[in-house]
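Engineer: Shown below is the structure under consideration.
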Amino acid sequence: MTTETKPANTKSQARYKEIKAKIKAYPHLEEKIYLHLLLTLHEKQYVSIDNIYAQAREEASTFRYDQDPGSPNVGPEHWSSNERRLIRRLTLKRACDYLSDDEIDELIFSVVKRDYIYALENIANLTDVSFGVLADKVREFSNIPFIKPLPKEEVMGLRVSLLRHFISDHLEYIRVAKHYLTVRDMAPLVEHTLGSAAGHGRVGGKAAGMLLGHKILQTDLSAKYRDSIKIPESYYLRTDVFEDFLSINGLTKYQNQKYKTPDEIRNEFPAVQEVFRNGKFPDYVKKQCRAMLKSVGKHPLVVRSSSLLEDNFKAAFSGKYQSVFLGNQGNLDQRLSNLLTAIGEVFASGLAPDPLLYRRERNLLDYDEKVGILIQKVVGFKYRHYFLPSFSGVALSRNDYTWSPRLKPEDGLVRLVTGLGTRAVDRVGDDYPRLVGLSAPTLRPEVTVEAQKKYSQTMVDVIDLKANSFEVITIDQLLGDEPLPGFEGIFSLDEGDYLQTAYTRVSPGRYHDGVVTFDKLLKDSPFPAMIREILKTIEEAYQCPIDIEFSHDDKHFYLLQTRPMAQMMDEGQVDIPADIDREDQLFRTQQYVHSGRVDDIEYIIFCDPRAYRQMPDDHARHQLARIIGKLNQQLAGKRFILMGPGRWGSNNINLGIPVQYSEISNTKVLLEIAYREGNYTPEVSFGTHFFLDLVEAGIHYLPLFPDQQGTFFNQQLFDAAPNALGAVLPAAVDFAPYVSVFEARMLKEGRPLHLRMSGEAQLAVAYFGAGP
């Protein structure tokens, strides 16, 4: 222990008074601050606590007991007020001698922070504390100067309590988030939260995933990428606003829609949606939304769902709720009216057939689901009278459906489009995103130039500022005489027999020769390496595969959504018998195969692509989709596969049967058949909400190109077999020309039908033969 000799650079009396004034600013903590200073001086061996106490007694002429301090006959010493004053003065004097201003500030504010944490945690642990009270305490804490964070173990309990109050009470989410989202991170969240100060609600799952994903990247991602990644300016309408909305409009009864039959849910939803769209909002919501609109100005907005159940670790609800884009043009009253209508529409989407039936499948019907709202400024820029991002997409950290041995599943996949990202996550019409396997970003599923042109994006989703609406337009309609930001990274020039990457600035006069390839972006920019690291970083924090949605405005990468991603069960090596006679095969395909097996298939639902083309009208095609849904219910618990034209679930009715996920959810395998003359090319759906649903449900996906070399489909077996549609679903017998139900064992003399899929060999064979 060193002596107490004053150092040569003793601080002035002015500094002593300044520090004393800082301490006096917290009168209820003075004793703790002085004690913390004294303990620090002792630990650093600048002074001894015993010496400070002895000097204080000496100056106070205090008598000191000579007995052993451990003697039971000696009571504890009590400092007089004069002694306490002397100890404080001596402690502060030594602190001025030996500690820097920064060290003293850190010691003072660590005591203040611990006191705030203790008080804030006590309040946060109250189950009925209002948002307003808790938010005020968070603001007070965040106003304490940030010098050095306290040890995690001292703040972890408070973080968990705040996460439960403000964001999510799902334990899997909290397990990760408590290590990243700090108390100070809650301050900007509460400032942008909309709802009653007296309310109790959360921001919901979509907002939760975005906030956590962004903080993980800001904490763990390489510094070279960190500054490039942002989240959009966002506002959070809490879940308790949903309850208030139901209450003042007398709509609480609709919370019981979930207990009705699928047909009742589906038939009644249009009326439910209309009622919600025209519902009234509490005055506090209108006032807060008006203030928000004044703040964001006429920048386009997107109103997104953020329900309590969305994006959680056990059920992602991918694409189950609605998002509404707003041009946000016009006067303030018009903009407010459009915003409130959009919020009502998103609220209603929580009662749509898909989310309710999805909840039923996962035993989540009895959960008290509430829909929060995430309102965001749309990422992008104004080009002519349109507003759009340079590019958008969805990225998966795991890619189990590869098209080349050069692609490694663990490196992930990106589904990339120019414009708004709706085309990346939905099964759109006759259009194609760019699929990017991150092991080899420039490797394409298409080999020839003609194929690359054919399977390129030709439509783009934008906000039309003149029309004040979301629009789907052609690429040619978008492009004009003014330079388009990022054109060279997105487009290649069609030179007839080859596509020329745009290595130099392209004149708008040649824009209409552009083909969306993203070649330069993928060859010459840091984007592929950055997105791969983003996926790995979040996956490591989540400790499971994840997928994200993103947009880019030609300057920054914006993270829009983060969620855990389901995986198909790894069935290891699947062996396919080598000696299967051709007449014993139902089909054989060699593209986009993931390892798996389905033994003793009981039923096949088959929609003939040629017959589908001959259906009289769109109404009949929609009826067919509903019949598929009824068969899906009827055969629940059976091992059946679905085979049909083009794109199951496409929003283009001419390219595939417009089913919802809930109408195919019980099948074991979904096959998409594409005959050359039918133009029913299956658009590889990897990364869409539809695809993520298949993966989560363990439904195998296979495309089948009967006209392609190496592919085989024995449709003659179907032509010769009896159609059991009338027996399984008598009410649908009129649709027998378009949909057939076959008992698999009736196809081949009572022999069982098996499906073997080898991802390693990129081969899938359905065959009649002996069991496993």
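Engineer: Of the residues in region 511-531, how many are part of a helix (DSSP H, G or I) and of a type in the set (Gly, Ala, Ser)?
Structural biologist: Selection size over region 511-531: 1.
Engineer: Can you pull out every residue in region 62-91 that is surrounded by fewer than 17 Cβ atoms within 10 Å (Cβ to Cβ), more than 60 Å from the chain's Cα centre (by Cα) and at pLDDT 70 or above?
Structural biologist: The answer is Ser80, Asn82.
Engineer: Scan region 318-335 residue by residue and report those that are surrounded by 18 or more Cβ atoms within 10 Å (Cβ to Cβ) and of a type outside the set (S, T, N, Q).
Structural biologist: Gly319, Lys320, Tyr321, Val324, Phe325, Leu326, Gly327, Arg335
Engineer: Any residue at all in region 431-447 that's out of contact with any helix residue (DSSP H, G or I) (no Cβ under 8 Å at 6 or more places or on another chain) and farther than 24 Å from Leu692 by Cα?
Structural biologist: Yes, there is a match, as at least one residue in region 431-447 is out of contact with any helix residue (DSSP H, G or I) (no Cβ under 8 Å at 6 or more places or on another chain) and farther than 24 Å from Leu692 by Cα.
Engineer: Give, as residue ranges, the helices (runs of 4 or more DSSP H) completely inside region 171-248 that count at least 3 residues that are among the small types (Gly, Ala, Ser).
Structural biologist: On the way: elements: 171-177, 186-191, 205-220, 223-226, 239-248.
Those helices (runs of 4 or more DSSP H) span 205-220.
Engineer: Collect the residues in region 399-408 that are farther than 15 Å from Tyr701 by Cβ and open to solvent by 40 Å² or more (accessible area, probe 1.4 Å), keeping them in residue-number order.
Structural biologist: Selection gives Pro405, Arg406, Lys408.
Engineer: Could you look through region 321-353, keep only residues that are in a loop (DSSP other than H, G, I, E, B) and within 18 Å of Val203 (Cβ to Cβ), and pick out the one that is modelled with the highest pLDDT? Explain how you work it out, then say what you get.
Structural biologist: Taking region 321-353 as the starting set, the residues that turn out to be in a loop (DSSP other than H, G, I, E, B) are 321-322, 327-331, 350-352.
Among the residues that remain, those that are also within 18 Å of Val203 (Cβ to Cβ) are: 321-322, 350.
Working: Tyr321: 89, Gln322: 90, Gly350: 93.
This residue is Gly350.
Engineer: Working carefully through the options Ile548, Ile576, Ile538, Ile534, find the one that is outside any helix (DSSP H, G or I), crowded, with 23+ Cβ neighbours inside 10 Å and not basic (Lys, Arg).
Structural biologist: Step by step, each of Ile548, Ile576, Ile538, Ile534 is checked, and only Ile548 is outside any helix (DSSP H, G or I), crowded, with 23+ Cβ neighbours inside 10 Å and not basic (Lys, Arg).
Engineer: Next question, about the same structure. Criterion first (modelled with pLDDT of 95 or more and within 25 Å of Phe550 (Cβ to Cβ)) does Thr193 satisfy it?
Structural biologist: When the stated conditions are applied, Thr193 passes them.
Engineer: Looking at region 581-591, which of the residues that are open to solvent by 20 Å² or more (accessible area, probe 1.4 Å) and not polar (S, T, N, Q) is nearest to the chain's Cα centre (by Cα)?
Structural biologist: Applying the filter and picking the extreme gives Arg588.
Engineer: Which of the residues that make up region 592-619 are within 30 Å of Leu407 (Cβ to Cβ) and open to solvent by 60 Å² or more (accessible area, probe 1.4 Å)? Can you show your working first?
Structural biologist: From region 592-619, those within 30 Å of Leu407 (Cβ to Cβ) are 592-599, 601, 609; that's our starting set.
Selection gives Arg597 alone.
Engineer: Only residues that are closer than 20 Å to Gly496 by Cβ and hydroxyl-bearing (Ser, Thr, Tyr): list them for region 507-547, please.
Structural biologist: If the condition is that a residue be closer than 20 Å to Gly496 by Cβ and hydroxyl-bearing (Ser, Thr, Tyr), then Ser507, Tyr511, Thr517 are the ones that fit.
Engineer: Looking at the structure I just gave you, is Asn256 open to solvent by 50 Å² or more (accessible area, probe 1.4 Å) and over 27 Å from Val129 (Cβ atoms)? Give the steps one after another, and end with the answer.
Structural biologist: Details: open to solvent by 50 Å² or more (accessible area, probe 1.4 Å): yes; over 27 Å from Val129 (Cβ atoms): yes.
Judged against the criteria, Asn256 is a match.
The values are calculated or read from the model by the stated rules, or taken from the named source; none is laboratory data. It should be emphasised that the depicted structure is a prediction, and the values quoted were computed from it without experimental measurement. Every residue, glycine among them, receives a Cβ derived from its backbone with ideal geometry; neighbour counts consider all protein chains shown. To get the accessible areas, we keep the full protein, side chains included, count just its heavy atoms, and leave off ligands, DNA and RNA. Shrake-Rupley method; radii C 1.70, N 1.55, O 1.52, S 1.80 Å.
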